[in-house]
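This report concerns only the one structure given below.
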Amino acid sequence: MRAYPYILTNFNPFWKPLHPQISLLNKDKVVPLWQSNWWRRRTPMRYVLLLLFAALMSAPAHAQVRISDDPGGRVEAYIELYKGIRAAGYSVMIDGKCLSACTLVLSYVPRKKVCVTNRAVFGFHAAFDVELRNYGFFATQHYAGPNPKVTNSMMNSYPKVVQEWIRHQGGLTQDLKMMPASVLNGFYKRC
């Protein structure tokens with residue numbers, strides 16, 4: 001029979017065996033921890049461990065994503081990102097510039113999961129296509145013109161408050177329209 005380390009659990013209740021099937025008090029029998037004599041005894045430590053385990057399991061996981069100085073990017077990538085954040089149930093704090101495709105956070109993350117700080121600024125413009133030009137050893141992206149289909153779908157996805165503000169500013173054009181967080185007072189909670 002193989003010799004395993006054995007420590008009295010009366011002095012060390014948090015001892016974990018090196019082998020998962022070793023009993024804490026009976027070194028001749030191999031039984032799991034929950035079937036051991038130590039676990040079956042009604043000790044105060046057992047109740048403390050059970051309460052601690054129950055508290056950890058019942059506490060909601062609170063994860064938060066912080067957006068600060070995001071220049072934007074490809075619309076498809078941001079839609080997938082925000083759908084994932086919504087599916088995971090994360091909260092989003094907007095603390096700084098959220099420009100271009102970043103503003104889709106207002107469309108895809110539920111309103112109750114978004115908060116804005118006083119520093120939050122949103123920048124809206126029309127969607128445009130990007131053309132990739134290959135020059136042998138390197139490639140560059142160039143503006144290829146507006147994309148009205150994506151622009152309309154973005155505009156329709158925004159909340160009504162944001163749509164009204166954009167229309168009041170002249171609609172989505174090539175120019176970047178900066179919306180301060182104060183416009184969203186009462187619609188999104190403050191952080």
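Nothing in this text is a laboratory measurement; each read-out follows from the coordinates by a stated rule. Just so you know, these numbers come straight off a predicted model, no measurement behind them. Methodologically, a virtual Cβ is constructed for each residue, glycine included, from the backbone with ideal geometry; neighbour enumeration extends over all protein chains shown.
When Ile94, Ile166 are ordered from fewest to most other Cβ atoms inside 10 Å of their Cβ, what list results?
So the residues, fewest neighbours to most, are Ile166, Ile94.
Rank these for me by crowding, Thr117, Thr103, going from fewest to most other beta carbons within 10 Å.
Starting with the residue having the fewest Cβ neighbours, the order is Thr117, Thr103.
Show which aspartates and glutamates lie in cross-link reach of Lys97 when reach means a straight Cα distance below 15 angstrom and same-chain residues fewer than eight apart are skipped.
Correct list for Lys97: Asp69, Asp70.
Net charge around Asn147, counting only other residues with Cβ within less than 15 Å of its Cβ (Lys, Arg = +1; Asp, Glu = -1)?
-1
Determine the sum of side-chain charges near Thr117: Lys and Arg each +1, Asp and Glu each -1, restricted to other residues whose C-beta is under 9 angstrom from that of Thr117.
After counting each charged neighbour, the total is +1.
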